[in-house]
Amino acid sequence: MSVTEETQVRKSHKLVVNNRKTSLVTGVLDVLSFDLNEILLETEQGMMMVKGSDLHVNRLSLEKGEVDLSGNIDSITYSDMKQTAKQGGKLLARLFH
């Protein structure tokens, strides 16, 4: 696999939500935090915050970059990691709190 092909594979990110109850997320680099009301993921396309109630991480495979979520999904928000890094995390704090 060439460097270009590897970069394209790593940039793949997909979000599938079924009836606001279950979700499959690919392109996940890390799960930064989670509780019953909020899940924060680092993805290939930026930080992703899932908010709702009774949220659970059912399956996590960082090797494959996949996460299965369930619960009552109320909102999904992205933020740009580059902006967050430049502002020392202040943007992330404003967006997700």
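Find the residue count for segment 21-36, including only residues that are under 11 Å from residue 73 (Cβ atoms) and either hydroxyl-bearing (Ser, Thr, Tyr) or without any contact (Cβ under 8 Å) to a residue 24 or more places away in the chain (or both).
Looking only at that region, the number is 2.
Which of the numbered conditions does residue 57 fail, given that it passes all the others? Conditions: (1) open to solvent by less than 60 Å² (accessible area, probe 1.4 Å); (2) at pLDDT below 95.
It fails just one condition, (2).
When you check residue 16 against the structure, is it at negative phi, assigned to a strand (DSSP E or B) and free of Cβ contacts under 8 Å to residues at least 24 places away in the same chain, yes or no?
Judged against the criteria, residue 16 is a match.
Is it fair to say residue 8 is of a type in the set (S, T, N, Q), modelled with pLDDT under 95 and surrounded by 13 or more Cβ atoms within 10 Å (Cβ to Cβ)?
no
Of 40, 29, 36, which residue is modelled with pLDDT of 70 or more, in a strand (DSSP E or B), under 15 Å from residue 51 (Cα atoms) and not charged (D, E, K, R)?
Result of the check over 40, 29, 36: 40.
If you take the residues in segment 60-97 that are among the aliphatic types (A, V, I, L, M), open to solvent by 40 Å² or more (accessible area, probe 1.4 Å) and under 13 Å from residue 25 (Cβ atoms), which one is modelled with the lowest pLDDT?
Here the residue is 62.
Quick one: in segment 35-54, which of the residues that are over 20 Å from residue 13 (Cα atoms) and out of contact with any Lys or Arg (no Cβ under 9 Å at 6 or more places or on another chain) is least open to solvent (accessible area, probe 1.4 Å)?
Taking the candidates together, the pick is 53.
The values are calculated or read from the model by the stated rules, or taken from the named source; none is laboratory data. Being a predicted model, the structure only gives us computed values, none of them experimental. Glycine also receives a Cβ, built like all others from the backbone with ideal geometry; neighbour counts cover every protein chain displayed. The accessibility values were calculated without ligands, DNA or RNA, using every heavy atom of the protein model including side chains. Shrake-Rupley method; radii C 1.70, N 1.55, O 1.52, S 1.80 Å.
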